[in-house]
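Only one structure is covered here, and it is reproduced in the block below.
Any read-out appearing in this document is the output of simple, stated calculations on the displayed coordinates, not a laboratory observation. Keep in mind that this is a model prediction, so the values were computed, not measured. As a convention, Cβ positions derive from the backbone with ideal geometry for all residues, glycine included, and neighbour counts pool all protein chains shown.
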C-alpha cells in the first residue's frame with residue numbers, strides 16, 4: 001500500500017527518492033540511498049533488504065546483480081516489491097505475485113515509479129510523466145511526481161506518511177525529510193521542504209568547513 005518514485009539528475013549527478021503510504025512512518029521502512037543508487041523494498045516491506053541492495057551495489061556496481069541479491073535474500077519474495085535506480089543505466093524492479101492491484105513498476109528516462117494497492121492504473125505513468133516534464137531541483141521534481149500520482153488515484157486508503165531523500169556530493173544528504181503521521185502528508189512534506197531548502201547550503205557548509213559556516217541563529221533567522 002505504497003507508491004514511490006526514484007529519480008536522478010544527470011546535470012548535477014544527484015539521485016534521490018520520495019515515497020508515500022497509508023500507514024505511519026514510511027520513511028523508516030521504505031527506500032535507501034547510496035552514492036549512485038536508490039533501492040526500494042515495499043509492499044510487505046522488509047527494510048533489511050535495503051542493506052542487502054546497497055551492499056551488492058557497492059560491491060558490484062551492477063544493477064541486475066543488486067536486484068538479484070535482494071530477491072534472493074527476500075523471505076517470501078511473492079509479497080515483496082523491489083526496485084533499483086542507478087545514476088546510469090536502466091531502472092529495474094520486481095513485483096511479487098501476491099502484491100495487491102493496481103501494482104507494478106513504470107520506468108522513465110531518469111526515473112522509476114513503484115506502487116501497490118493503487119487507486120488506478122494511471123498512478124505510476126503519471127508520476128513518471130510529471131517527474132520527467134518538471135523543471136527545477138531534483139527534490140521539487142520528485143514532489144511533482146508524487147503529487148501527480150496522488151491526483152491520478154493515489155492508493156486505495158488515505159495517505160498518512162511520506163518522505164523525501166536526495167543525496168548530494170561528499171556523502172551528504174541534500175534533503176532527508178519525513179512526515180511520519182498526517183492527514184495530508186505530501187502537502188506537509190512540501191511545507192518542510194520549503195523551510196529546509198534555503199537552509200540546506202548552510203548546514204552543508206557546517207559539515208565541510210565549520211569555521212566558515214553561519215551560526216544556527218543566523219540560519220534559522222533567530223536573534224543572536
>> What three numbers, in Å, describe the spread of the alpha carbons of the stretch 164-224 along their principal axes, ordered from the longest?
In response: 41, 31, 15
> What's the center-to-center distance, using Cα atoms, between the stretch 139-160 and the stretch 165-223 in Å?
Replying inline: 22
>> At a 10 angstrom cut-off on C-beta neighbours, averaged per residue, how do the peptides 142-155, 80-93 rank from highest to lowest?
In response: 142-155, 80-93
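Assuming R0 = 45 Å, what is the FRET efficiency of residue 65 and residue 183, from their Cβ-Cβ distance, to the nearest 0.05? Don't skip to the answer; put the middle values down first.
Numbers: r = 41 Å, r/R0 = 0.91.
For R0 = 45 Å, the calculated efficiency reads 0.65.
222 nm [θ] for the chain, helices only, -39500 (n - 2.57) per DSSP H run of 4+, per residue, to 500?
Details: 7 runs with 75 residues, N = 224.
Computed mean residue ellipticity for the chain: -10000 deg cm²/dmol.
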>> For the pair residue 51/residue 176, report the inter-label distance in nm, with labels modelled 7 Å from Cα in the Cβ direction.
In response: 1.7
